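Notes for the one structure printed next.
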Amino acid sequence: MRSFRNVSAVVMAAGALGASVTSAAAQVVYTTGSPPDCPGNAWEMSGFNEAMSFVLDADAGVTGAHIWTTFQNGEDPLPDNGFKGFFDWTFFADDGSGLPGAVIASGRSVPTLTSRDVWGPGFDLSEWDVPMAPTTLSAGTRYWLGLHNTSASGDYTITNLYWCGSVGPNTNPPSASQFGGTGAWVSNPETDADYFGYGNRLAMSLYATPTTVPEPSGLALLGTGIVGVVPFVRRKRR
């Protein structure tokens with residue numbers, strides 16, 4: 001029994017070495033840029049699902065997004081500036097007409113507030129990191145990321161939290177809105193004063209954690225450790 005415990009210890013140490021050289025930080029795999037003049041360019045995301053289309057240059061396992069929001073409620077404050085506690089996220093396939101189609105993956109996450117500039121009791125500009133279950137998406141295919149600011153009950157009460165638009169030209173297909181979570185998806189036009197939208201390109205960056213293999217030096221050490229196990233076991237069996 002002692003021999004197998006010692007073999008396990010050597011293998012576990014080798015495994016730990018392998019793990020130490022395979023870790024890698026998430027990297028940006030797609031971005032539309034940051035907002036130019038938010039809140040002048042934003043779309044309401046608590047009473048609506050908002051979605052932005054994108055095409056990746058390379059296959060990626062997307063693990064999160066970074067977005068900008070603005071709370072616009074006049075001089076009337078709301079708890080946590082309109083944030084309800086969760087973001088529902090959904091990856092959609094394109095339906096062929098330039099709107100979100102079939103659901104590929106979805107979930108509910110607690111985003112991390114990374115920055116907030118408060119301009120008054122009813123105004124702010126915030127940045128969020130939104131974690132997601134790893135979702136493998138292919139290069140050259142149009143997808144949509146949908147987001148909804150919601151509570152634990154999944155409600156669609158409007159709290160005037162808006163997903164900011166980004167720099168750059170309006171997109172074709174543009175972003176899209178879905179009222180109340182059940183209505184038809186509608187393309188966001190370039191100008192829509194009724195819902196505080198003045199552009200259709202939503203600000204977001206998508207992140208993915210790349211898959212890596214141990215570095216050559218790590219592989220050499222790993223191999224040396226495993227080779228050393230064989231004579232050890234043979235000696236014990238004698």
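The values are calculated or read from the model by the stated rules, or taken from the named source; none is laboratory data. Keep in mind it's a predicted model, so treat the numbers as computed, not measured. So basically every Cβ, Gly included, is an ideal-geometry build from the backbone, and we count neighbours across all protein chains shown.
Data for the structure
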item	result
Subset of segment 148-169 that is closer than 17 Å to Trp68 by Cα and polar (S, T, N, Q) - its residue that is modelled with the lowest pLDDT	Ser166
Qualifying residue in segment 98-109 (condition: in contact with a helix residue (DSSP H, G or I) (Cβ under 7 Å, 6 or more places away or on another chain), surrounded by 15 or more Cβ atoms within 10 Å (Cβ to Cβ) and assigned by TED's automatic domain parsing to the domain that holds Gly33)	no
Counted residues, segment 72-125 - those being aliphatic (A, V, I, L, M), assigned to a strand (DSSP E or B) and within 21 Å of the chain's Cα centre (by Cα)	7
Residues located in segment 99-127, provided they are of a type in the set (A, V, I, L, M) and touching a residue at least 12 places away in the same chain (Cβ under 8 Å)	Leu99, Val103, Ile104, Ala105, Val110, Leu113, Val118, Leu125
Cβ-Cβ under 7 Å pairs, at least 6 apart or on other chains, segment 75-98 side at positive phi, far side polar (S, T, N, Q) and modelled with pLDDT of 95 or more	Gly82/Ser46; Gly85/Ser151
Residue list for segment 84-133, restricted to those being among the acidic types (Asp, Glu) and farther than 19 Å from Arg201 by Cβ	Asp88, Asp95, Asp117, Asp124, Asp129
